[in-house]
Amino acid sequence: MHHTKITDQFRADFFKLVGEAKSICITTHMSADEDAIASILAAYRLLSDKYPNKNVQVVYTGEANNRFRFFQSFEKIQFVPDLSDHLDKFDLLILLDGSNYYRFTPKPEKIKEFQGKTICIDHHSSPPDEFDLALISPQVPSTAEIIYLGFYKNVSIDKPLAEILLLGILGDTGNFSYLRPDQTETFLTAKRLVEEGNIEIASLQSRYRTLEPKILTALGKFIKNTRYHKVNNWPDFQTSFLDNDFTNENNLTDKEIGEAAEIYTAFFIRSIVGFSWGFTIRPKSNGECNVSMRSLPGSVNVRELVEQMGIGGGHDRAAGGTFRESGKILEAKECLEKVLVWMKENKPVIE
């Protein structure tokens, strides 16, 4: 059953499936951002509190990002090479902050073949895959806030939980800078979390917004590789990339490259005068390349772009995807060229 709004019926359906399950897996998308981490930690807290005797585990495809180690129950997350290798241990799979199987595992067909029940809670606009129960609310700016509104709005919240939920909200709203006029309820949510958790936002963020030296090295290369483009019918845009030679020479991990790309897209894409949108492309150790796109209102709908290219999904203003070719190690420059060729043959969706 697919829900788009938080209702008593959704909560009843959710707890019915959870109550019937013997072994539950909570997971989120690969290349987890702040909202993804917050969502799985908040969901784990919800279920472990309500069902202390159930087997509830958090399993995630990817490397540990230890900058989030300060948050309650972070040590419970099992970081594994591939979630799909562990699915046979569970009869309920809860997928958070994503509604497409390919975002959770390199083998998305394994989720489709999963014999248990599935629940999805998400806020992205991309057309979803199939689940036994889904709550997908694009009008809410973060999955962490959906969990708050669905399960915690009318109950007491302690400091560790308030910090977790605020982590997700601050991350996916860019410290509220991405909010639309129809999303002002988020300010009320944040107000309650800050007050009940007695949280100073600057102090909270100083605990997890830290940088390893190699991330700064990668960020410097992203800045050096910045390029500006003009393509007929498209608003002018900027790009940057890292190539395989650079990442190999500097022994950069996927996590370090991803963090540098995240900082570059957050602080430099959409910030250069005359360039209302842009994207980064970065290599992965498995031979794939990830793309992250950002845009300003009134410019390119980047979700439509990656969906039409068939490489990913996300939000209208922030989206991403993956280039992959079986048996081939891709270079960021060739993936960039693929985007440029596609743009020359297609028109943008401007919103």
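Remarks
- Contact map, segment 292-319: first residue outside the structural domain of Phe275 (by TED's automatic domain parsing) and surrounded by fewer than 22 Cβ atoms within 10 Å (Cβ to Cβ), second residue part of a loop (DSSP other than H, G, I, E, B) and at pLDDT 95 or above, Cβ cut-off under 6 Å, separation 6 or more or different chains; the map is empty.
- Count of residues meeting criterion [in a helix (DSSP H, G or I), hydrophobic (A, V, I, L, M, F, W, C) and either under 19 Å from Thr105 (Cβ atoms) or within 18 Å of the chain's Cα centre (by Cα) (or both)] in segment 283-313: 3
- Matching residues in segment 248-264 - criterion: being surrounded by fewer than 22 Cβ atoms within 10 Å (Cβ to Cβ) and hydroxyl-bearing (Ser, Thr, Tyr): Thr253
- Taking the criterion of being under 17 Å from Gln72 (Cβ atoms), among the polar types (S, T, N, Q) and either touching a residue at least 12 places away in the same chain (Cβ under 8 Å) or surrounded by 11 or more Cβ atoms within 10 Å (Cβ to Cβ) (or both), the residues of segment 181-209 that qualify are Asn198, Gln205.
- Answer residue from segment 320-351, given it is at pLDDT below 95 and charged (D, E, K, R) and is surrounded by the most Cβ atoms within 10 Å (Cβ to Cβ) among those: Arg324
- Filter result for Ser73 (among the small types (Gly, Ala, Ser), surrounded by fewer than 22 Cβ atoms within 10 Å (Cβ to Cβ), touching a residue at least 60 places away in the same chain (Cβ under 8 Å) and out of contact with any Cys (no Cβ under 7 Å at 6 or more places or on another chain)): no
- Taking the criterion of being without any contact (Cβ under 8 Å) to a residue 40 or more places away in the chain and either outside any loop (DSSP other than H, G, I, E, B) or among the polar types (S, T, N, Q) (or both), the residues of segment 266-282 that qualify are Phe267, Ser271.
The values are calculated or read from the model by the stated rules, or taken from the named source; none is laboratory data. Nothing here was measured: the structure is a model prediction, and the numbers come from that model. A quick note on method: Cβ atoms are made from the backbone with ideal geometry, for glycine too, and the neighbour counts reach across all protein chains shown.
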